[in-house]
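Step one of this worksheet: look at the structure below.
The values are calculated or read from the model by the stated rules, or taken from the named source; none is laboratory data. Because the structure is a prediction, the values reported are computed rather than measured. Heads up, the Cβs are rebuilt from the backbone with ideal geometry, glycines too, and the neighbour counts pull from every protein chain shown.
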Amino acid sequence: MTADETAFDELTAAVSRAELLAHCYRMLGSATDAEDVVQEVYLRAWRAFHRFEGRSSVRTWIYQIATNTCLTALDNQSRRPLPTGLGTDASDPSVPVVADRETLWLQPLPDRALGDPAEATVRSESVGLAMVAAMQELPPRQRATLILRDVLAFSAAETAELLDTSVASANSALARARKTLGDGAVPDGRRAAELTADERAVWEEFCAAFERHDIDGVVGLLADEAVWEMPPFPGWYVGAAAIGTLTRTQCPAQRAGDLRMIPTTCNGLPAAGMYLRTTVAGRDVWRPFQLDVISIVDGKVAHVGAFFEPELFRLAGLPETC
């Protein structure tokens, strides 16, 4: 390593890669895009390294590069919603699902992508799935202002510097963002690290019921008004009975053993990688099917977000097959 590289690493250590990834994820609503943007942030920082004169803090300098890189990535890009954010009514579970591959959908952020699990639990407090979904309602610069002020605790003056605007404009953007969000997003369920023994048993049984193809068992774990959504399918489903119908009629698993579940955590919440059995060269192989992010409220599963991008399994540190 050269002297310049050592100096660069020492300078940029003021903000960890995990912090930058979380920031870019909040801005973009996509774990995979955030990974790509973080790489671009370091490249831009390296190119600007010799021009850094210390007139602002290293933290301000790095976050300015990261925020502007995110804003550039968001040019001409629509928000990333969840199906429940489309403004449509709940769907009929008996109607065949059809994927919408044109819409850019919100993704979860696997905790594993943030590094050390203990640190990830702390950081994920500000990357809750519901909160990141709510932030998608904001125009990009309002979103940036809200994150810089309310999540990262930059001052009004620092935020104005970061966004190359006036303090008055930054304060106005913050006020508009707060007004749009109102009291905030509907809270997620209890975080995985804080589950009681009974709640952990619900998580474990959720996985076990799918593995033994016990749909009644799954339904029994759901809250009466539970919500199930699964981008890229634009429909969303409400109520234990409707979710049971959806699972019975449209899930490709047909019998016990068709699915395998590997517990993980995403956005600080309990989650599970669901693998579907297929036959390859005469033998059974289980391949990634969907990544379920689970909210548990009052001892019941209140919300499930099922995500189908295989790349999320890699970010979660889950195997390619099982």
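Brief remarks follow.
- Counted residues, segment 102-139 - those being more than 23 Å from Pro234 (Cα to Cα) and modelled with pLDDT of 90 or more: 4
- Looking across segment 150-178, just one residue is among the hydroxyl-bearing types (Ser, Thr, Tyr), closer than 18 Å to Cys70 by Cα and not in a helix (DSSP H, G or I), and that is Thr165.
- Figure legend. Inter-residue proximity from segment 231-252: first residues more than 19 Å from Arg212 (Cα to Cα), second residues of a type in the set (Lys, Arg) and surrounded by fewer than 19 Cβ atoms within 10 Å (Cβ to Cβ), beta-carbon distance below 9 Å, spacing 6+ or different chains. Indicated pairs: Pro232/Arg101.
- Taking (1) under 17 Å from the mean Cα position of the chain (by Cα); (2) modelled with pLDDT under 90 in turn, His23 satisfies each apart from (2).
- Filter result for Arg44 (out of contact with any strand residue (DSSP E or B) (no Cβ under 8 Å at 6 or more places or on another chain), assigned to a loop (DSSP other than H, G, I, E, B) and surrounded by fewer than 23 Cβ atoms within 10 Å (Cβ to Cβ)): no
- Scanning segment 31-58 for residues that are under 14 Å from Leu21 (Cα atoms) and touching a residue at least 40 places away in the same chain (Cβ under 8 Å) yields Ala31, Thr32, Asp33, Ala34, Glu35.
- None of Glu229, Glu211 is over 27 Å from Ala134 (Cα atoms), in contact with a Gly (Cβ under 9 Å, 6 or more places away or on another chain), among the charged types (D, E, K, R) and modelled with pLDDT of 95 or more except Glu211.
- For segment 242-257, the count of residues that are assigned to a strand (DSSP E or B), among the small types (Gly, Ala, Ser) and touching a helix residue (DSSP H, G or I) at 6+ places or on another chain (Cβ under 7 Å) is zero.
- Residue list for segment 1-25, restricted to those being surrounded by 12 or more Cβ atoms within 10 Å (Cβ to Cβ) and either touching a Cys at 6+ places or on another chain (Cβ under 9 Å) or not in a helix (DSSP H, G or I) (or both): Ala14, Val15, Ser16, His23, Cys24
To keep it simple, each residue is scored yes or no on (1) closer than 25 Å to Ala144 by Cβ; (2) touching a Leu at 6+ places or on another chain (Cβ under 9 Å); (3) not polar (S, T, N, Q).
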{"site": "Thr67", "(1), (2), (3)": "yes, yes, no"}
{"site": "Leu74", "(1), (2), (3)": "yes, yes, yes"}
{"site": "Thr84", "(1), (2), (3)": "yes, no, no"}
{"site": "Thr88", "(1), (2), (3)": "no, no, no"}
{"site": "Pro93", "(1), (2), (3)": "no, yes, yes"}
{"site": "Arg101", "(1), (2), (3)": "no, no, yes"}
